[in-house]
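The values are calculated or read from the model by the stated rules, or taken from the named source; none is laboratory data. Not measured: the values here are computed from a predicted model. We place every Cβ from the backbone using ideal geometry, glycine too, and count neighbours over all the protein chains shown.
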Amino acid sequence: MIRYPISLQELEKRVQAAVPGWLEEAARRTERFRELGRYEEDESTWGEVKRVFMDLQREKCAYCERRLSGQRFGSVEHDVEHYRPKSTVRVWPARRIERERGLHYDFATGSDLPAGYYLLAYQLFNYAIACKTCNTSLKGSFFPIAAERLPGSLDPVELRAERPFLLYPLGELDEDPEEILTFNGINPVPKIREGHPMRRAIVTIDFFALDERGDLLCGRAETIRSLYLALLWKERADSPLGDLADRAVVSLLSSASEHASCARCFHDLYRRDPQRAAELAQIAQNYIDSRS
């Protein structure tokens, strides 16, 4: 995961430009939910602002960093995901998930919340674009936290007191995902080895199965292979491909690239420990070969 920097003011400006009047209608709907004490409406409108978030996230899933199809033909692949669920919140991991995936924690992950975070249904900093796997298959109505739930708050800053386990990559309301989650080759691991930051990394990895999904592992392996070869060519003084290799490195490390966080971790390792980087590049190639 990587951060997508933006302020609330800039995000509101982009939404207003894309869908004039959306913010005012969102405020009216939120007030109605407050009066009802729950989320309830016949038809939602957050799909109207989907393209704003697709542009912001460079058409990548906020959680797994997979690149999805573009706006012209692929909007259906992108879900407007509610970071805090707008309706019923269930305890995670559910017993079925514990049993099937062998997940057991020695720390609490939050109570259920029958009415959910209904006031956040139209809060812009409760949105992110996610792929169907991350949003529908895995996230659903779960939202694990370390502290008490604050369902009556509309303030994203105040809601940090819940100490959520899942990382939120938009804006600067949350910790930078790259300071919490790092990579050992193609495998995601905690960057900090103690306390809540370590638990956040563990839960985020488990929650979205970031260390299990073959498409993600293969995508990261291909990124590492491409980056490693580009770095080798870049360092050859006599290489006629030096400029092309340099541009390839810049591209692979950019926020627009798929699996940018993994690429950046590998790039840092290459500069610190070229031998270990070579070993991980070979492991990445072996993984690609195993799926051929």
Residues of the range 66-86 that turn out to be out of contact with any Asp or Glu (no Cβ under 9 Å at 6 or more places or on another chain), polar (S, T, N, Q) and part of a loop (DSSP other than H, G, I, E, B), as a count: 0
Lone qualifier among ALA121, ALA62, ALA108 - being outside the structural domain of ARG220 (by TED's automatic domain parsing), surrounded by fewer than 18 Cβ atoms within 10 Å (Cβ to Cβ) and either under 23 Å from the mean Cα position of the chain (by Cα) or at pLDDT 95 or above (or both): ALA108
First in the range 130-150 and free of Cβ contacts under 8 Å to residues at least 12 places away in the same chain, second anywhere and assigned to a helix (DSSP H, G or I) and aromatic (Phe, Trp, Tyr), Cβ under 6 Å, 6 or more apart: none
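Filter the range 220-233 down to the residues that are surrounded by 19 or more Cβ atoms within 10 Å (Cβ to Cβ) and either over 25 Å from the mean Cα position of the chain (by Cα) or not basic (Lys, Arg) (or both) and list them by number.
Narrowing the range 220-233 to residues surrounded by 19 or more Cβ atoms within 10 Å (Cβ to Cβ): 220-221, 223-224, 227-228, 230-231.
Once the filter is applied, which keeps residues that are surrounded by 19 or more Cβ atoms within 10 Å (Cβ to Cβ) and either over 25 Å from the mean Cα position of the chain (by Cα) or not basic (Lys, Arg) (or both), the range 220-233 yields ALA221, THR223, ILE224, LEU227, TYR228, ALA230, LEU231.
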Residue ID - farthest from VAL49 (Cα to Cα), chosen from residues in the range 134-168 that are at pLDDT below 95 and β-branched (Val, Ile, Thr): VAL157
Filter result (in contact with a helix residue (DSSP H, G or I) (Cβ under 9 Å, 6 or more places away or on another chain), modelled with pLDDT of 85 or more and outside any helix (DSSP H, G or I)) within the range 228-262: SER254, SER257, GLU258, HIS259
Condition met for LEU210 (part of a loop (DSSP other than H, G, I, E, B), surrounded by fewer than 19 Cβ atoms within 10 Å (Cβ to Cβ) and not small (Gly, Ala, Ser)): no
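With the requirement that a residue be among the hydroxyl-bearing types (Ser, Thr, Tyr) and touching a residue at least 24 places away in the same chain (Cβ under 8 Å), what does the range 262-292 give you?
TYR270, TYR287
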The range 182-205: number of residues that are surrounded by fewer than 21 Cβ atoms within 10 Å (Cβ to Cβ) and in contact with a Leu (Cβ under 9 Å, 6 or more places away or on another chain): 6
Matching residues, the range 136-145, being among the small types (Gly, Ala, Ser) and within 14 Å of ARG84 (Cα to Cα): GLY140, SER141
Search result, residues across the range 176-203 that are in contact (Cβ under 8 Å) with a residue 24 or more places away in the chain and either within 24 Å of SER7 (Cβ to Cβ) or of a type in the set (D, E, K, R) (or both): ASP176, PRO177, GLU178, ILE180, LEU181, ARG199, ARG200
